[in-house]
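J.: Questions regarding the structure given below will be posed in turn.
The values are calculated or read from the model by the stated rules, or taken from the named source; none is laboratory data. It should be emphasised that the depicted structure is a prediction, and the values quoted were computed from it without experimental measurement. Neighbour counts run over all protein chains shown; Cβ positions are idealised from the backbone, glycine included.
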Amino acid sequence: MGRDKALATLHEQLQEKVPISSISGMGGIGKTELALQYAQFHWQQRTYPGGVCWLRVLNGDVVLQGRYEAAEPLFQQAIEIDKIALPENHPQLATHLNNLAGLYRSQGRYEAAEPLFQQAIEIDKIALPENHPQLATHLNNLAGLYRSQGRYEAAEPLFQQAIEIIKIALPENHPQLATHFNNLAELYRSQGRYSEAEPFYLQAIEIDKIALPENHPQLATHLNNLAELYESQGRYSEAEPFYLQAIEIFKISLPENHPYLASSLNNLAELYRSQGRYSEAEPFYLQAIEIFKISLPENHPYLASSLNNLAELYRSQGRYSEAEPFYLQAIEIDKISLPENHPSLATHLNNLANLYESQGRYEAAEPLYQQALDMLEQTLGEEHPHTKIVRKNLELFRQQQQG
């Protein structure tokens, strides 16, 4: 059916208190994007007093408009109903366990997420045919959790298994294969294995161009990620056009003021900051912040990250008095919106400590470094790269004080 008609029909059904409404049709007609557009529009219009949330199951993340506390009991209820109403080890139970795990991962509650992802995988192996795409999705999601924790050696074989299953189970050049290639590339980028990451990004982009409509948001996402790789390598002139392409596709394919657009604008600003192109970076940071304020609820973690990044720009320029309030706002949002000891909060505390150290406010800096280190050791472990960076910052700070 036409997209406008489909959206109208879906909305009409939900107003009639239909508990579940599906969008059916053959693969490739854009059902996922249709659902996302519906959710985004009606969240912005405040149509539903209880809020709107949606899942991107393939990535293992819950894209939730600041309503973690509302979503958790709903996921838990779904699991309880599955256990009562369905046969043991039913695939739907695996899906719902995976979704709750995705919520916990989004919150940084990694220890709670892991056993749920593992249970989902075990059920898939019992209930589904060998090499089923759902198993690949759940393997991918557990691998994504391990990447978030810095458990790279545990993540890699799971990403690779997921890719092998998709190659067997789905047609050549399927969009899901592109997603899995991208995710393995992201792992390699996290490890600094840049030469291994690049061909997987390029394969993902090639599949997107073959399998998806022109200017599809997934292509934009993968172009953005390739740009981040090139930026990590200092290949700035190669990164910039991919960021710009991603931004143009998001502007064409998504509703105005979409968070994905804000994220890419923020990333382009980060590139310009890395190059010392401060005057060019600042307006993109400001645009990203403005879009996040429009498109997301108050005190959303994405807004905190962009505020932190703008503060980093001002610190790089020596504009210390302008930087501090943005760091403080980011930290305040983290404390409101994220679980205690979340890695993002630790990162922002570390950055504020850097600012205070730059200003010679040493008594204010040291406890922030220590807080950040304690949080990261607790949530990510002592050997995670982020933990090591903050530990090194604190060690250098103390050495300079002793010297």
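J.: Among the residues of region 365-400, write down those that are closer than 24 Å to S321 by Cβ and either surrounded by 14 or more Cβ atoms within 10 Å (Cβ to Cβ) or in contact with an Asp or Glu (Cβ under 9 Å, 6 or more places away or on another chain) (or both).
T.: Just the residues of region 365-400 that are closer than 24 Å to S321 by Cβ, to begin with: 365-369, 371-372, 393, 397, 400.
The answer is A365, E366, L368, Y369, Q371, A372, N393, F397, Q400.
J.: Now, a different point. Give the residues of region 230-250 that are among the small types (G, A, S) and in a helix (DSSP H, G or I), sorted by residue number.
T.: Step one: list which residues in region 230-250 are among the small types (G, A, S), which gives 232, 234, 237, 239, 246.
Answer for region 230-250, where residues must be among the small types (G, A, S) and in a helix (DSSP H, G or I): S232, S237, A239, A246.
J.: With the requirement that a residue be outside any helix (DSSP H, G or I), farther than 20 Å from M375 by Cα and either polar (S, T, N, Q) or in contact with a Leu (Cβ under 7 Å, 6 or more places away or on another chain) (or both), what does region 308-341 give you? I'd like the intermediate steps shown before the answer.
T.: Taking region 308-341 and keeping what is outside any helix (DSSP H, G or I), we get 317-319, 338-341.
Now drop any that are not farther than 20 Å from M375 by Cα, which leaves 317-319.
Of everything in region 308-341, just one residue is outside any helix (DSSP H, G or I), farther than 20 Å from M375 by Cα and either polar (S, T, N, Q) or in contact with a Leu (Cβ under 7 Å, 6 or more places away or on another chain) (or both), namely Q317.
J.: Can you tell which of N257, N224, N267 is touching a helix residue (DSSP H, G or I) at 6+ places or on another chain (Cβ under 7 Å), surrounded by fewer than 21 Cβ atoms within 10 Å (Cβ to Cβ) and of a type outside the set (A, V, I, L, M, F, W, C)? Break it down stepwise before answering.
T.: Numbers: N224 fails: surrounded by fewer than 21 Cβ atoms within 10 Å (Cβ to Cβ); N267 fails: surrounded by fewer than 21 Cβ atoms within 10 Å (Cβ to Cβ).
Every option except N257 fails the conditions.
J.: Which members of region 251-281 meet the condition of being free of Cβ contacts under 8 Å to residues at least 24 places away in the same chain, of a type in the set (D, E, K, R) and not in a loop (DSSP other than H, G, I, E, B)?
T.: Answer for region 251-281, where residues must be free of Cβ contacts under 8 Å to residues at least 24 places away in the same chain, of a type in the set (D, E, K, R) and not in a loop (DSSP other than H, G, I, E, B): K251, E280.
J.: Follow-up. Right, S237: surrounded by fewer than 23 Cβ atoms within 10 Å (Cβ to Cβ), closer than 23 Å to Y272 by Cα and touching a residue at least 40 places away in the same chain (Cβ under 8 Å) or not? Quick ask: steps written out before the conclusion?
T.: Working: surrounded by fewer than 23 Cβ atoms within 10 Å (Cβ to Cβ): yes; closer than 23 Å to Y272 by Cα: yes; touching a residue at least 40 places away in the same chain (Cβ under 8 Å): no.
No: the conditions fail for S237.
J.: Follow-up question, since we're still on this one. Is region 216-230 home to any residue that is of a type in the set (D, E, K, R) and free of Cβ contacts under 8 Å to residues at least 12 places away in the same chain? Outline the logic, then answer.
T.: Going residue by residue through region 216-230, those that are of a type in the set (D, E, K, R) are 228.
Next cut, free of Cβ contacts under 8 Å to residues at least 12 places away in the same chain only: none.
So far as region 216-230 goes, no, none of its residues is of a type in the set (D, E, K, R) and free of Cβ contacts under 8 Å to residues at least 12 places away in the same chain.
J.: Okay, moving on. Restrict the check to region 341-351 and report whether at least one residue is loosely packed, with under 15 Cβ neighbours inside 10 Å, modelled with pLDDT under 95, under 27 Å from L145 (Cβ atoms) and not hydroxyl-bearing (S, T, Y).
T.: Step one: list which residues in region 341-351 are loosely packed, with under 15 Cβ neighbours inside 10 Å, which gives none.
Taking every residue of region 341-351 in turn, none turns out to be loosely packed, with under 15 Cβ neighbours inside 10 Å, modelled with pLDDT under 95, under 27 Å from L145 (Cβ atoms) and not hydroxyl-bearing (S, T, Y).
J.: Name every residue in region 272-306 that is surrounded by fewer than 17 Cβ atoms within 10 Å (Cβ to Cβ), farther than 16 Å from A330 by Cβ and either of a type in the set (G, A, S) or modelled with pLDDT of 95 or more (or both), in order of residue number.
T.: Passing the criteria: S274, Q275, G276, R277, Y278, S279, E280, P283.
J.: A further question follows. I'm trying to understand the selection: among the residues of region 161-191, which are closer than 12 Å to Q203 by Cα and aromatic (F, W, Y)?
T.: Across region 161-191, the qualifying residue is only F181.
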